[in-house]
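Only one structure is covered here, and it is reproduced in the block below.
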Amino acid sequence: MTDYLAHAQTLAPQMVAWRRDFHQHPELGFHEVRTAGIVAHYLQTLGIETRSGVGKTGVVGLIEGAAPGPVILLRFDMDALPVQEATGLPFASVYDGVMHACGHDAHTAIGMGVAALLAATAGSWPGRVKLLFQPAEEGLGGAAATIHDGVLVDPAPQAAFGLHLWNPYPSGHVYVQSGPIMAAADRFTIVISGRGGHGALPHTTVDAVHVAAQAVNALHTIVSRNLPPYEAAVLTVGSIQAGVAFNVIAEQAILTGTLRSFNPEVRSQMIRRMEEVLGGICAAHGASSTLTLADYTPAVDNDPQVTKWASSAAASLAPASRLGHEKPLMVAEDFAEIAGRVPSCYMLVGAAPAGGALGGHHSPHFDIDESTFPLAAALMADAAVRFLQQSAASHP
Ligand code: NI
């Protein structure tokens, strides 16, 4: 087996340079034009067949191995977030209000490193590796857009790997496990409609602020009182907008929030109870409400067989003391769109900066430990080659 970690170490300065350049020039989802251009150009210099504009701004590279065989998809995300950077790093974002606050700059750099590793060893493994540099992971539907644009056909992958650096976890530790790993997410909007009026004449109105306050309290009983305690779920009301002046009773209140779950039945139950609770509260006060759900992302559920390839790669690259299992995360990841169609494994690599992270993912103070890049790149390359060699051997 090729020593991918040793090879990846030699690429470390290059991967760090790429990451810092992407970090300095972050691009929001479906606007990753500069980033995608750099990726596509680099893949072409490696002699990799490259297709741009996949799912608007995605890039797909196809590396041919030494013999016919299976196809593996490796996915890396590229987009930044609408966050004003506050890290003070010398390579901080040059754009106001846009920041790589989740580490997708690092994922893109690591993916380019993986391309170099696998292009260099393509004579030693069978099958094909499809590299997907995906746009718009941050709740914008980038994975679905690339699927719509054919990333899972011609050739169709038999398995897929994805990866996230995770800065709450210790640097250089690898987390690979089968089963659910990231939650399903829904965005909801509730509009409560009452009857506005004079702040001194409440008896002539239906106060939307008052109804909204009761609705928030009642919605929070769904997870605590309706769901079985052993089921993981979150209902968060993230914003309330209502009212215009201190002496005016509000006619309308708009609430937005998110649901997180793993079990589809739990999700259905939460939605049904939201409708019942809102209907009851509003009826009691003469108000009305609408509940709208959007941006559903399914849970990421790691396939047991594909996870075995990732686990064996992890075990060969990291000492046992650095292999971890963790509780599933309630955050969502649109890799789920791929994992729902192709047996997949999504891996986490701990990447806490020295001295601890000043800010977690999506924080203006977010940073990541760059020394983890070689391990992350080697993990993807090694897992891919293990899958290709062993599944080619078992299905000649
Ligand atoms: Ni992310």
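The values are calculated or read from the model by the stated rules, or taken from the named source; none is laboratory data. This structure is a prediction, so every number in the text was calculated from the model and none was measured. Positions of Cβ are backbone-derived with ideal geometry, glycine not excepted, and every protein chain shown enters the neighbour counts. All accessible areas refer to the heavy atoms of the entire protein, side chains included, with ligands and DNA or RNA removed. Shrake-Rupley method; radii C 1.70, N 1.55, O 1.52, S 1.80 Å.
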(request) Would you tally the residues in segment 85-124 being touching a Ser or Thr at 6+ places or on another chain (Cβ under 7 Å), of a type in the set (S, T, N, Q) and in a loop (DSSP other than H, G, I, E, B)? (result) 1
(request) Return the residue satisfying two criteria in turn: it lies in segment 331-383 and is part of a helix (DSSP H, G or I), under 14 Å from the mean Cα position of the chain (by Cα) and aliphatic (A, V, I, L, M), and of such residues it is farthest from Ala183 (Cα to Cα). (result) Ile338
(request) Select the strands (runs of 3 or more DSSP E) contained entirely in segment 241-302, then report the ones holding at least 3 residues which are surrounded by fewer than 21 Cβ atoms within 10 Å (Cβ to Cβ) and polar (S, T, N, Q). (result) 252-261, 288-297
(request) Look at Val98 and say whether it is within 29 Å of Asp295 (Cβ to Cβ), away from the ligand (no atom under 16 Å from the Cβ) and buried (at least 18 other Cβ atoms within 10 Å of the Cβ). (result) no
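Please enumerate the residues belonging to segment 137-153 that are more than 13 Å from the ligand (Cβ to nearest atom) and modelled with pLDDT of 95 or more.
Selection gives Ala144, Ala145, Thr146, Ile147, His148, Asp149, Gly150, Val151, Leu152, Val153.
Within segment 334-366, count every residue that is closer than 24 Å to Gly97 by Cβ and either hydroxyl-bearing (Ser, Thr, Tyr) or surrounded by 23 or more Cβ atoms within 10 Å (Cβ to Cβ) (or both). Break it down into steps so the answer makes sense when it comes.
As a first pass, look at segment 334-366 and keep what is closer than 24 Å to Gly97 by Cβ: 334, 353, 357-366.
Imposing the further condition that a residue be either hydroxyl-bearing (Ser, Thr, Tyr) or surrounded by 23 or more Cβ atoms within 10 Å (Cβ to Cβ) (or both) reduces the set to 334, 363, 366.
Selection size over segment 334-366: 3.
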(request) Kindly provide the set of residues from segment 1-52 that are touching a His at 6+ places or on another chain (Cβ under 9 Å) and under 28 Å from Arg386 (Cβ atoms), ordered by number. (result) Arg19, Thr50
(request) Name the single residue, out of those in segment 141-164 being crowded, with 18+ Cβ neighbours inside 10 Å and either without any contact (Cβ under 8 Å) to a residue 40 or more places away in the chain or under 11 Å from the mean Cα position of the chain (by Cα) (or both), that is nearest to Thr297 (Cα to Cα). (result) Gly141
(message) Checking Thr307 against (1) open to solvent by less than 30 Å² (accessible area, probe 1.4 Å); (2) of a type in the set (S, T, N, Q); (3) touching a helix residue (DSSP H, G or I) at 6+ places or on another chain (Cβ under 8 Å): exactly one of these is not met. Which one?
(response) (3)
(message) I'd like the residue in segment 60-84 that is within 16 Å of the ligand (Cβ to nearest atom) and assigned to a loop (DSSP other than H, G, I, E, B) and, out of all such residues, is most open to solvent (accessible area, probe 1.4 Å).
(response) Pro82
(request) Among the residues of segment 160-179, write down those that are farther than 24 Å from Ala36 by Cα and away from the ligand (no atom under 16 Å from the Cβ). (result) Pro170, Ser171, Gly172, His173, Val174, Val176, Gln177, Ser178, Gly179
